[in-house]
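Student: One structure is given below, represented as structure tokens, and several questions about it will come after.
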Amino acid sequence: MSRDRTSRPGPSAWPGYAACTLGLLYAAVSAYWAAGGTAGLDTVGGELARSTRARDPGMVAVLWLTVGLKLVAALLGLALVRPRRRMPRRLLLTLSGVAAVVLTAYGGLLVGGQALVKAGVLGTSSDVDRTAFDWHLFLWDPWFLVWGLLLGAAAYREGLSRNARP
């Protein structure tokens, strides 16, 4: 059965909604830090935490840019499941696919490398912030991975629906 422009998204639309939700939540965290909030900065550690606490203008600009990129990627998830789109379908699928690959690869490579360090397969310097390392391994970086997988599933689902259309 094909979906026309006035139909509602079906139950298989959940990956798009979930990808949008994860992206919006991640953008909110970055916006909080960009606006001057400091709670949770210790969980990211390193130069990001130091520069953000110091209100370095360059870091604040990077944070706001990150907020914008996260919002765009979040809205791609929503655009994949909404029946009325303002973007050509092929462009939407291409942008969503690229975003899904970037998010999945970024999260997957970081989590994979960190898991190897945690398992003792790879070494690390002695000055590594272990608290921030664990937060990255168990929250921040898997968040990118899951978000990318959900966005990819939503794009795949939308791509399949195209094949079902007359």
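The values are calculated or read from the model by the stated rules, or taken from the named source; none is laboratory data. What you see is a predicted model; the values in this text were computed from it and never measured. Please note: Cβ atoms are built from the backbone with ideal geometry, for glycine as well, and neighbour counts cover all protein chains shown. Ligands, DNA and RNA are stripped out before the accessible areas are found, and what is left, the full protein with its side chains, is counted by its heavy atoms. Shrake-Rupley method; radii C 1.70, N 1.55, O 1.52, S 1.80 Å.
Student: In square nanometres, what is the average projected area of the Cα convex hull of region 36-75? Don't skip to the answer; put the middle values down first.
Tutor: Values: hull surface 11.8 nm².
Averaging across all directions leaves 3.0 nm² for the Cα convex hull.
Student: Under a GNM of the chain (C-alpha, springs under 10 Å), which listed residue has the highest mean-square fluctuation: Gly107, Gly68, Gly16?
Tutor: Looking only at Gly107, Gly68, Gly16, the largest GNM fluctuation is found for Gly68.
Student: Over all directions, what mean area does the Cα convex hull of region 11-126 project, stated in square nanometres? Before the final figure, lay out the partial values.
Tutor: Numbers: hull surface 38.7 nm².
So the Cα hull casts an average projection of 9.7 nm².
Student: First select every other residue whose beta carbon is under 13 angstrom from the beta carbon of Trp33; then total the charges, Lys and Arg +1, Asp and Glu -1. All intermediate terms of the calculation are to be shown ahead of the outcome.
Tutor: Numbers: positive: Arg50, Arg53, Arg55, Lys70; negative: Asp42, Asp56.
Overall, the nearby charge balance is +2.
Student: Can you work out the accessible area per residue across the chain, with the rest of the protein chains kept in place, probe 1.4 Å, in square angstrom? Walk me through the numbers before you get to the answer.
Tutor: On the way: 9490 Å² over 166 residues.
Averaged over the residues of the chain, the accessible area is 57 Å².
Student: Here is a follow-up. Please compute P(r) over all alpha-carbon pairs of region 90-166, binned at 10 Å starting from zero, and give each bin as a whole-number percent.
Tutor: For region 90-166, the binned pair fractions read 19, 37, 23, 14, 6, 1, 0 percent.
Student: Around Ala19, with a cut-off of 14 angstrom between Cβ atoms, what is the net charge of the other residues, counting Lys and Arg +1 and Asp and Glu -1? Don't skip to the end; give the middle numbers.
Tutor: Values: positive: Lys70, Arg82, Arg157; negative: Glu158.
After counting each charged neighbour, the total is +2.
Student: Over 15 Å, how big is the tail of the calculated P(r) for region 66-124, in percent of all Cα pairs? Walk me through the intermediate numbers first.
Tutor: Values: 1024 of 1711 pairs.
Percentage above 15 Å: 60.
Student: Over the chain, what is the relative contact order in percent, taking alpha-carbon pairs closer than 8 angstrom and at least six residues apart? Don't skip to the answer; put the middle values down first.
Tutor: Working: 195 pairs, mean separation 61.1, N = 166.
It rounds to 37 percent for the chain.
Student: May I pose another question? Report, in deg cm²/dmol and to the nearest 500, the calculated mean residue ellipticity at 222 nm for the chain, where each DSSP H run with n ≥ 4 adds -39500 (n - 2.57) and the sum is divided by the residue count. Write out the running numbers ahead of the final one.
Tutor: Values: 6 runs with 114 residues, N = 166.
The per-residue figure over the chain is -23500 deg cm²/dmol.
Student: How big is the dipole moment of the chain about its Cα centre under a simple scheme where the beta carbon of each Lys and Arg is +1, that of each Asp and Glu is -1, and everything else is neutral? Debye, nearest 20, please. Don't skip to the end; give the middle numbers.
Tutor: Working: 18 positive and 9 negative charges, 251 e Å.
In debye, rounded to 20, the chain gives about 1200.
Student: Leaving out ligands, DNA and RNA, and with a 1.4 Å probe, what % of the accessible surface on the chain is carbon or sulfur?
Tutor: Result for the chain: 68 percent of the exposed heavy-atom area is carbon or sulfur.
Student: Then there's this: Roughly how many debye, to the nearest 20, is the charge dipole of region 81-166 about its Cα centre, given +1 on each Lys and Arg Cβ, -1 on each Asp and Glu Cβ, and no other charges?
Tutor: Working: 11 positive and 5 negative charges, 208 e Å.
Computed about the Cα centre, the dipole is about 1000 debye.
Student: Related question: Step through the residues of region 28-34 one at a time and calculate ³J(HN,Hα) from phi using the Karplus curve (6.51 cos²θ - 1.76 cosθ + 1.60, θ = phi - 60°), rounding each to whole Hz and writing x for Gly and Pro.
Tutor: Per residue, the Karplus-derived 3J(HN,Hα) values read 5, 4, 5, 5, 4, 5, 5 Hz.
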